[in-house]
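What follows is a set of notes on a single structure, which appears directly below.
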Amino acid sequence: MGTVEPQVAQSGGVQEVTDGFHLVIDALKLNGIDTIFGLPGIPITDFTRMAQAAGLRVISFRHEQNAGNAAAIAGFMTQKPGICLTVSAPGFLNGLTALANATTNCFPMILISGSSEREIVDLQQGDYEEMDQLAVARPLAKAAFRVLHAGDIGVGIARAIRAAVSGRPGGVYLDLPAKLFAQTMDAAAGKTSLIKVVDAAPRQIPAQDAVKRAVDLLKSAKKPLIVLGKGAAYAQADNEIRSLVEKTGIPYLPMSMAKGLLPDTHEQCASAARSFVLPGADVVMLIGARLNWLLSHGKGKTWGGKDHKSWGGQKFIQVDISPQEADSNVRIDAPVVGDIGSCVSALLAGIGASWPKPPAEWLSAIAERKKNNIAKMAETLAKNPSPMNFHSALNVVRDIIKANPDAILVNEGANALDFTRSIVDMHKPRKRLDVGTWGIMGIGMGFAVAAAVVSRQPVIAIEGDSAFGFSGMEVETLCRYNLPVCVVVFNNNGVYRGTDVNPTGGPDVAPTVFVKGARYDKLIEAFGGVGVHATTPDELRKAMEEAIRSRKPTLINAVIDEAAGTESGRITSLNPKSGEKK
Ligand code: ADP
Ligand code: TPW
């Protein structure tokens, strides 16, 4: 229990006192929180010092958004809320994007921000960094709380933890006014006010009739398909999920961050036949995946519908912890509500020991598609064009990940994202961390720092040059903490590609174009990291192998053909088209 200088009590005896600073630290420690990602300043500078002194790992960033992204992904990886700590108004706002992104992605995190004097803020009298942060955070967070009295810190932290990890996980905001940190109280009373949260994310057992309904529907299927989402990866029910997939023999599609939950090379993995299985399936079981835009809302041509709004005729089973998720886009015939571990165990019990494999026709048609597509891809990957393109560079990354299956792959960009997702096989669960539900740029270095800190495994960040720019200053953070992160910037001179021209012929380059031939490798050298300029797959391979071997922070500037990318990668069609007649 942290205490401050003893004070003379009114009775004349010496009274041990504690304060807000120590109570927050003690409450976090009591609940098994060992790391804080943040950025110091008034009113939390001393807090960061005291937290470090108390044995917490305090990882300081150069911008709060990156600290927030680190906390969010630490939450995804560990099922414990990741903690991000910021200063008031602007620091809080910088962290807020990450909090909103965490909520959107169902990642448990707690954004703790210091705030200004309540009585001044509430009268809008213009305090230093004045803002009604609680009100701003509320619509973007799963829950938002403020603590005004030191004696309530235990409750505040407990509520924040429960809100972040129970049910559908999400981002929680905790507002701690400056005055709270300095408030003192009797140390013994402070200690008893703290709460060690019991069973923060209680199991939620699905109803038996819901399980039976799902099993019956699955039994009726001629062309069944399982879709695994990042909820399934988060749940850490890897063995149960693998058993369900293998015992039923049903082909499965992993969503991006569920890649590796079963190895992508698994014979039932249908990723290489995605555009065949989605429209072809008759019963689809979603496990921890939403029917949002990433799955074309469960309808339209992707699913075999006549036009972009038409239902393809599939029946859906949806396994999810959120009872409100079902029917959000199309009818869900068999919702199974509960935590994925419990649901999958119940489904396993329901299917019993002698489940017939899906019809051979369905399986062989998928196998045929897969074979052809994989052969086509192998041909493309074997080419060695000059300059490098996404394929020849990613052929290298694919080999490196295969040889280092415990390494974590962080990935953002447009083409750099889409090609990496489809080319680089993942072999173990929760090893692929990316732009998630929003397709947000800027997660790269925050995720990479957290991945290295949490897992202690090597991290490889495959970054579009635009994507990298959003968090690039954190290469200093990589060097400062000497993290085993190898950043590979796929440098094609711009957003999507580098070939646009200014149609007016004026001196400004086109909006999507960057400085040509930029040397991102020099950035990391400024901080003592290893920079490499790679123009061929051989150079890239050598540099990546060395980075993994040495565990030194490394940035490889991988020069990619500036004409190789397409607008927005695979989602070109989401760009609105001008109605103007040319
Ligand atoms: P993806 O982008 O991979 O398709 P989504 O983020 O859309 O995945 O969906 C994840 C789903 O998983 C959410 O609907 C969320 O409620 C659910 N989920 C998250 N954790 C659990 C869990 N432990 N048990 C059950 N469902 C979960
Ligand atoms: C916070 C819009 C989507 S992808 C992208 C942008 C700016 C960068 C694509 O270029 P990059 O990759 O990274 O060089 P590549 O391989 O195609 O060349 N702001 C935010 N999020 C998003 N998604 C955008 C803008 C965007």
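The numbers here are math on the coordinates, done by the rules we state, and not lab data. Keep in mind the model is a prediction, meaning the values are calculated, not measured. Glycine also receives a Cβ, built like all others from the backbone with ideal geometry; neighbour counts cover every protein chain displayed.
Helix 89-105 against the longest principal axis of the chain: what's the angle in degrees, Cα atoms only, rounded to the nearest 10?
40
Could you point to the residue in Val396, Met285, Gln324 farthest towards the positive end of the chain's charge dipole, with +1 and -1 charges on the Cβ of Lys/Arg and Asp/Glu respectively?
Projecting each Cα onto the dipole axis, the largest value belongs to Met285.
Under 8 Å for C-alpha pairs, at least 6 residues apart: give me the relative contact order for the chain, rounded to a whole percent. Don't skip to the end; give the middle numbers.
Details: 1304 pairs, mean separation 65.3, N = 582.
Value for the chain: 11 percent.
Can you show me the helix-derived [θ] at 222 nm for the chain, built from DSSP H runs with n ≥ 4 at -39,500 (n - 2.57) apiece and divided by the number of residues, rounded to the nearest 500.
Value at 222 nm, helices only: -11500 deg cm²/dmol.
For labels at Gln236 and Gln79 in the simple 7 Å Cα→Cβ model, what's the distance in nm?
Taking the simple label geometry, Gln236 and Gln79 are separated by 0.5 nm.
Once fully extended, how much extra length lies between Lys357 and Asp406, figured as 0.36 nm per residue of separation less the alpha-carbon to alpha-carbon distance?
My answer for the length gained is 14.5 nm.
Of the listed pairs Lys402/Lys431; Lys29/Lys196; Lys383/Lys522, which have alpha-carbon separations greater than 21 Å here?
Working: Lys402/Lys431 12 Å; Lys29/Lys196 9 Å; Lys383/Lys522 29 Å.
The answer is Lys383/Lys522.
Determine the dipole magnitude for region 45-198: charges of +1 sit on the beta-carbon of Lys and Arg, -1 on that of Asp and Glu, nothing else is charged, the reference point is the Cα centre, and the result goes in debye to the nearest 20.
That gives a dipole near 840 debye.
Using a 10 Å cut-off on Cβ atoms, rank the peptides 278-284, 367-373, 64-70 from the highest mean neighbour count down.
Going from most to least packed, we get 64-70, 278-284, 367-373.
In whole angstrom, how far apart do the alpha carbon centroids of region 327-387 and region 222-278 sit?
5
Once the Cβ-Cβ distance between Gln15 and Gln125 is put in as r, and R0 is 30 Å, what FRET efficiency do you end up with, to the nearest 0.05?
0.30
Given a Förster distance of 60 angstrom, what is the FRET efficiency for Arg549 paired with Glu580, based on the Cβ-Cβ distance and rounded to 0.05? Mind showing how you got there, number by number?
Numbers: r = 55 Å, r/R0 = 0.92.
With R0 = 60 Å, the Cβ-Cβ based efficiency is 0.60.
From Cα pairs below 8 angstrom and at least 6 apart in sequence, can you work out the relative contact order of region 433-582, rounded to a whole percent?
24
For the chain, give me the percentage of DSSP beta bridges that are antiparallel, rounded to the nearest 5 percent.
Approximately 10 percent, going by the DSSP bridge assignments.
Please determine, in degrees from 0 to 90 and to the nearest 10, the orientation of helix 537-550 with respect to the longest principal axis defined by the Cα atoms of the chain, where the helix direction is its Cα long axis.
The two axes meet at around 40 degrees.
Take the alpha carbon gyration tensor of the chain, find the square roots of its eigenvalues, order them as a ≥ b ≥ c, and report rounded if a/c is under 1.5; if not, report prolate when a/b exceeds b/c, else oblate.
oblate
Under 26 Å from the Cα of Lys212, which lysines turn up, not counting those fewer than eight places away in the same chain?
Reachable lysines: Lys222, Lys223, Lys230, Lys247, Lys299, Lys315, Lys357.
Please work out whether region 396-501 counts as rounded, prolate or oblate from its C-alpha gyration tensor, where a ≥ b ≥ c are the square roots of the eigenvalues and a/c under 1.5 means rounded, while otherwise a/b larger than b/c means prolate and anything else oblate? Walk me through the intermediate numbers first.
Working: a/c = 1.80, a/b = 1.25, b/c = 1.44.
Taking the square roots of the gyration eigenvalues as a ≥ b ≥ c, region 396-501 is oblate.
Classify region 340-403 as rounded, prolate or oblate from the Cα gyration tensor: take a ≥ b ≥ c as the square roots of its eigenvalues, call it rounded if a/c is under 1.5, otherwise prolate when a/b beats b/c and oblate if not. Intermediate values should be presented prior to the final figure.
Numbers: a/c = 5.01, a/b = 2.04, b/c = 2.45.
Oblate, since a/c reaches 1.5 and b/c is not below a/b.
Would you list Glu119, Glu463, Glu545 from fewest to most Cβ contacts within 10 Å? Walk me through the intermediate numbers first.
Details: Glu119 11, Glu463 30, Glu545 16.
Fewest to most other Cβ atoms nearby, the residues stand as Glu119, Glu545, Glu463.
Label points 7 Å out from Cα along the Cβ direction at Tyr481 and Asp538: separation in nm?
A separation of 3.7 nm, rounded to one decimal place.
So which aspartates and glutamates pass the test for Lys191, namely a Cα distance under 13 Å, with those fewer than 8 places away in the same chain ruled out?
Glu16, Asp19, Asp26, Asp152
Towards the positive end of the charge dipole of the chain, with charges on Cβ (+1 Lys, Arg; -1 Asp, Glu), say which of Val435, Gly151, Val515 has the farthest Cα.
Working it through, the farthest residue towards the positive pole turns out to be Val435.
Considering amide H positions built from the backbone, and no H for Pro or chain starts, which residues 5 or more places from Glu16, or on another chain, come under 5 Å of its amide H?
When sequence neighbours closer than 5 places are left aside, the close amide H contacts are Ala187.
Which peptide among 378-386, 95-103 comes first, and what is the full order, when sorted by highest mean count of other Cβ atoms within 10 Å?
95-103, 378-386
Which residue, chosen from Gly38, Gly114, Gly68, occupies the Cα position most advanced towards the positive end of the dipole of the chain, where the dipole is computed from +1 (Lys, Arg) and -1 (Asp, Glu) charges on Cβ about the Cα centre?
Gly68
Mind putting a number on the dipole of the chain about its Cα centre? Charges go on the C-beta only, +1 for Lys and Arg and -1 for Asp and Glu, and I need it in Debye to the nearest 20.
2120
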